[in-house]
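Asker: Handing you a structure now.
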Amino acid sequence: MKLTVNIPGKAYDITIEKGALSHIADYINLKGKCAVITDSNVDEFHADTVVKSLASKYDVYKFVFPAGEESKTIYTLNEIYGFLADNSFNRGDFIVALGGGVVGDTAGLAAATYMRGIKYVQIPTTLLAQVDSSVGGKVAVDIPQGKNMVGNFYQPNAVIIDPTVLKTLSPDFFADGMAEVIKYGCIEDKNLFDKLFSYSKEEFDANIENIIYTCVDIKRRYVEEDELDTGARMKLNFGHTIGHAIEKYYNYSTLSHGRAVAIGMNYVTLISEKLGLTPSGSAKKIVECLKKYDLPHDIATDVLKKSVEFIGADKKNIGKQLNVIMLEEIGKSFIHKTDTQIFGGLF
Ligand code: GLY
């Protein structure tokens, strides 16, 4: 299955194919030599397969950094720059980001900045990265003051998604990605939501390629319409305003991104139901779907209270106006321009 992200002057293909990893070189039409950047977890499972295929066509160099969000820093970035320079990489060469969101974001930012920008390919290996972070060119690292605070928009030259790699993903990581999959159903595709709601485990597994395709296609449309995230693309933040705040409360440990977003989707829908902006019963339906995929939907009231206090400080809240994503109904979303008072509706 193939999709093209049509951004003028920066168009690229997204390929979704079971088994793609073992012949990854077939999907890459770049010149020069290639630096595979990955983390210690992915290195163990997939790097050999990818390097072997790439070596049939390119000079391949591999850089591995320790797995985990702690590695998403300017220090790792600095090591990548050194590795590229020591191996005489220049603007005619390229990077392959092989891994989850941390690898994609960090290697992507290295590609965006090394020698003022070299080409790169995303090979996402988690569900979350496959349906979200590998597409759309958001690249960033964290600084102590906040997540993704240093970054850019820098589109990849190709995204290659192999759903079979999800077999090596822990159930925890899988559930994390499912929060974003459910989000796509909520914001844009009632049919996807209904399928997720009713699929048996076997039906879900049999349809994983289509599910990923549907999510990526929605993201593609938002990115084409609003590459720089000032309009339609903001709808991808459904559940994220409260979710980010909870993640921050827990110092980005304890609760993963997907779980925080799952809780956020429930609470923001409860608020919009109270305001009469979303049909009542929608949050209940979302919660049932979240539960089905082992995702949480609520959190202790004192934690929620303290978390929403952070929202005013979020970098996405331009000025004092808050752009909160709400559902007109499941499958249709809108940007609600409001302020932090809105969260009073939760207590
Ligand atoms: N993850 C949201 C976006 O790419 O805009």
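Asker: Apply the Debye scattering formula to region 194-347, with a single equal point scatterer on each alpha-carbon and no solvent, then give log10 I(q)/I(0) at q = 0.14, 0.16, 0.19 Å⁻¹.
Answerer: Each listed q maps to, in turn, -0.73, -0.96, -1.32.
Asker: Could you sort the peptides 62-70, 253-261 by per-residue average Cβ neighbour count (10 Å cutoff), highest mean leading?
Answerer: Highest mean packing first, the order is 253-261, 62-70.
Asker: State the three equivalent ellipsoid semi-axes of the chain, derived from the C-alpha gyration tensor as the square roots of 5 times its eigenvalues, in descending order and whole Å.
Answerer: Square roots of five times the eigenvalues give 34, 22, 18 Å.
Asker: So if each residue of separation counts as 0.36 nm, and I subtract the Cα-Cα distance between TYR199 and THR301, what length gain in nm does that give?
Answerer: Roughly 33.5 nm would be gained on extension.
Asker: How do THR113, THR278 stack up against each other in accessible area, from largest to smallest, with a 1.4 angstrom probe?
Answerer: Result, largest first: THR113, THR278.
Asker: Please enumerate, by chain and number, the aspartates and glutamates with C-alpha under 19 Å from the C-alpha of LYS52, excluding those fewer than 8 residues away in the same chain.
Answerer: Answer for LYS52, where 19 Å is the Cα cut-off: GLU17, ASP26, ASP39, ASP43, GLU44, ASP93, ASP162, listed by chain and number.
Asker: Now, a different point. Past 28 Å, Cα to Cα, is the threshold; run LYS72/LYS201; LYS138/LYS337; LYS10/LYS235; LYS201/LYS305 against it and keep the listed order.
Answerer: Exceeds cut-off: LYS72/LYS201; LYS201/LYS305.
Asker: Rg(Cα) of region 1-58 divided by 2.2 N^0.38 Å?
Answerer: Compactness ratio reported: 1.26.
Asker: How much length would be gained if the chain were fully extended between ASN87 and THR254, taking 0.36 nm per residue of separation minus their Cα-Cα distance, in nm to one decimal?
Answerer: Net length gain for the segment: 56.3 nm.
Asker: Also, I was wondering about something else. Among 94-104, 187-197, how do they line up from the highest to the lowest mean number of other beta-carbon atoms within 10 Å?
Answerer: 94-104, 187-197
Asker: Mind putting a number on the dipole of the chain about its Cα centre? Charges go on the C-beta only, +1 for Lys and Arg and -1 for Asp and Glu, and I need it in Debye to the nearest 20.
Answerer: The dipole magnitude comes to about 660 debye.
Asker: Taking only complete DSSP H runs, can you tell me which helices of the chain stretch 15 Å or more along their own long axis by Cα positions and average at least 1.0 on the Kyte-Doolittle scale?
Answerer: Within the chain the helices that satisfy the rule are 101-113.
Asker: Would you give the gap between the C-alpha center of region 272-303 and the C-alpha center of region 38-103, rounded to a whole Å?
Answerer: A separation of 39 Å, based on Cα centres.
Asker: Need one number for region 144-271: average projected area of the convex hull over its C-alpha atoms, nm².
Answerer: Mean projected area for region 144-271: 9.3 nm², to one decimal.
Asker: In deg cm²/dmol, rounded to 500, what helix-only [θ] at 222 nm does the chain give when every DSSP H run of at least 4 residues adds -39500 (n - 2.57) and the total is split over its residues?
Answerer: Taking each H run of at least 4 residues, the total per residue is -12000 deg cm²/dmol.
Asker: Right, next: Between GLU328 and ASN210, with labels modelled 7 Å along Cα→Cβ, what's the label distance in nm to one decimal, could you check?
Answerer: In this crude label model, GLU328 to ASN210 measures out at 2.6 nm.
Asker: Next question. Skipping prolines and chain starts, which residues have an amide H placed within reach, meaning under 5 Å, of the one on LEU322, given they are 5 or more residues away or on another chain?
Answerer: Long-range HN contacts for LEU322: THR338, ASP339.
Asker: Continuing with the same structure: Which part of region 55-71 falls in the paramagnetic zone of HIS23, meaning amide N under 15 Å from the point 7 Å along Cα-to-beta-carbon?
Answerer: Residues passing the 15 Å test: 56-57.
The values are calculated or read from the model by the stated rules, or taken from the named source; none is laboratory data. Remember, predicted model here, so these are calculated numbers, not experimental data. Quick reminder, even Gly has a Cβ in these numbers, built from the backbone with ideal geometry, and neighbours come from all protein chains shown. These accessible areas exclude ligands, DNA and RNA; they are computed on the full protein's heavy atoms, side chains included. Shrake-Rupley method; radii C 1.70, N 1.55, O 1.52, S 1.80 Å.
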